[in-house]
1. Pull up the stretch 174-195, narrow it to residues that are closer than 19 Å to Q96 by Cα and without any contact (Cβ under 8 Å) to a residue 60 or more places away in the chain, then point me to the one that is most open to solvent (accessible area, probe 1.4 Å).
2. Sort out which residues of the stretch 249-260 are assigned to a loop (DSSP other than H, G, I, E, B) and either at pLDDT below 90 or among the polar types (S, T, N, Q) (or both), and write them in order of number.
3. Go through (1) open to solvent by 60 Å² or more (accessible area, probe 1.4 Å); (2) more than 19 Å from the chain's Cα centre (by Cα); (3) among the acidic types (D, E) and name the single condition E118 misses.
4. So P119 clears everything in (1) without any contact (Cβ under 8 Å) to a residue 12 or more places away in the chain; (2) in contact with a strand residue (DSSP E or B) (Cβ under 9 Å, 6 or more places away or on another chain) except one condition, right? Which one?
5. Restricting to the stretch 124-140, and then to whatever is surrounded by 14 or more Cβ atoms within 10 Å (Cβ to Cβ) and at pLDDT below 95, can you tell me which residue is nearest to S51 (Cα to Cα)?
6. Check S104 against each of (1) surrounded by 13 or more Cβ atoms within 10 Å (Cβ to Cβ); (2) closer than 25 Å to A59 by Cβ; (3) among the hydroxyl-bearing types (S, T, Y) and name the one condition it does not meet.
7. Every residue in the stretch 229-245 that is buried (at least 20 other Cβ atoms within 10 Å of the Cβ) and among the acidic types (D, E), please.
8. List every residue pair whose Cβ atoms sit under 8 Å apart, with the two residues 6 or more apart in sequence or on different chains, where the first one lies in the stretch 296-312 and is farther than 18 Å from E236 by Cα and the second, anywhere, is near the ligand (Cβ under 8 Å from one of its atoms) and open to solvent by less than 100 Å² (accessible area, probe 1.4 Å).
Amino acid sequence: MTQPLLIVDALVKHFRLEPRGLFEAPPLLRAVDGISFSVKRGETLGLVGESGCGKSTTARLILRLIEPTSGSVALDGVDVLACSKKELMALRREMQIVFQDPLSSLNPRMSVGTSIGEPLRFHGLADQVERFDRAREYLEVVGLSADYYDRLPHEFSGGQNQRVAVARALILQPKLLILDEPVSALDVSIRAQILRLLSDLQGQFQLTYVFISHDLSVVKRFCDRIAVLYLGKIVEIAESETLYREPLHPYSQALIRAIPEVKVDGPRASSLSGLEGDVPSPVNPPTGCRFHTRCPHKMPICSEQEPPLKDMGDGHQVACFLH
Ligand code: SF4
C-alpha cells in the first residue's frame with residue numbers, strides 16, 4: 001500500500017493569551033487540540049467546521065507558518081516539524097496555499113505576471129526571462145490570457161485574481177495544495193468556475209488538496225473525504241458520499257441539515273449556526289464532549305468523559321457516545 005502524501009498526527013496548538021489580572025495565570029486558547037488525519041496522493045480532503053474550530057490554524061501548522069505545541073506532520077515521508085530552516089525552504093516548494101481573499105494575498109503594486117513568477121525568484125529557480133515565460137504560461141494554465149501579464153490586481157475581478165493566486169501557487173509544481181476557503185469571497189456564479197478549474201488542475205498536475213471550508217455545501221461535490229471539526233477536534237471523518245448520506249455525529253447532522261438541497265429527516269437548521277447556542281470559547285472549552293452544550297442527544301456521560309474517535313468501518317470514524 002502506498003504511503004499517504006500527508007500524515008498529521010496528534011497535532012496540538014495552544015496559544016498563550018495575556019492574563020486578565022495581575023495575579024491570574026495566562027489563559028490558553030486551545031485552537032487545535034489533538035488532530036490526526038492523512039491524505040492520499042491525488043485525494044481531496046475537506047476540513048469543515050464553524051469559524052474558530054481550528055481549520056485554518058491546522059493549515060498553517062501543516063505549512064509550518066506557525067510552530068505547533070506538539071504532534072507531528074509528515075509530507076511524503078519527511079518530518080516537516082524536524083526540518084531545519086534550509087530544509088523547510090526546500091519543502092515549501094512541495095506544499096503551497098491559496099487564501100480566501102486573493103486581493104489581500106497579492107501585492108497591489110506588482111503586476112499579476114510578476115506576482116505569479118515571484119516564487120521562482122524567491123527560490124532562485126529561474127532568471128527574469130524564464131520567469132516571464134513561465135508566468136505567461138501559467139496565466140494560460142488558469143484560463144487567463146498571457147497578455148494580462150502587466151495588469152495590476154485592481155484591474156481584475158475577484159475570480160480572476162483567485163486564478164492568479166492559483167497560478168502563483170502552482171508555478172512551483174507543488175505536490176500538496178492547501179485551499180483555505182478559496183471560493184468563500186467570490187460571487188456564487190464565479191464559485192462553480194473556480195471549483196471546476198481546481199478540479200481540472202488536480203487531474204492535470206496530479207495534485208493533492210486539503211480544502212478548508214465553513215460551508216459543507218461547497219465541499220459536497222469537491223472532496224473525496226471530509227473531516228468535520230468542532231472546537232479544535234475532529235468529531236467525524238468519512239468519505240464525502242457516506243458523510244452526506246449517513247452523518248453519525250449530531251454536529252455533522254446539523255451541518256448537513258443546514259444545506260438547502262439535502263433531503264433530511266427531522267427539522268432543518270437555517271444555517272451553520274442554526275444549532276442551539278453559540279460555539280463555546282476555545283479558551284475554556286466544555287469538559288467531556290465539547291459539543292455537549294449544544295447537543296440535542298446529550299447524556300450524563302457526555303459532560304464527564306471525552307468520546308474517542310471510533311472506527312465504524314470503511315474509514316468512517318466518529319467521536320460520540322451514541323456510537
Ligand atoms: Fe452529543 Fe454526547 Fe455524542 Fe457529544 S458524545 S455528540 S454530547 S451524544
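The values are calculated or read from the model by the stated rules, or taken from the named source; none is laboratory data. Values in this document were obtained by computation on a predicted structure and should not be read as measured data. Cβ coordinates were reconstructed from backbone atoms using ideal geometry, including for glycine residues, and neighbour counts include every protein chain displayed. Remember, those area values only see protein heavy atoms, side chains included, never the ligands or the DNA or RNA. Shrake-Rupley method; radii C 1.70, N 1.55, O 1.52, S 1.80 Å.
1. L195
2. The answer is A258, I259, P260.
3. For E118, the failing item is (1).
4. Unmet for P119, out of (1) without any contact (Cβ under 8 Å) to a residue 12 or more places away in the chain; (2) in contact with a strand residue (DSSP E or B) (Cβ under 9 Å, 6 or more places away or on another chain): (1).
5. L125
6. Exception for S104: condition (1).
7. The answer is E236, and nothing else.
8. Pairs that qualify, where the first residue is farther than 18 Å from E236 by Cα and the partner is near the ligand (Cβ under 8 Å from one of its atoms) and open to solvent by less than 100 Å² (accessible area, probe 1.4 Å), are M299/F321; I301/G288; I301/F321; S303/G288; S303/C289; S303/H292; E304/G288.
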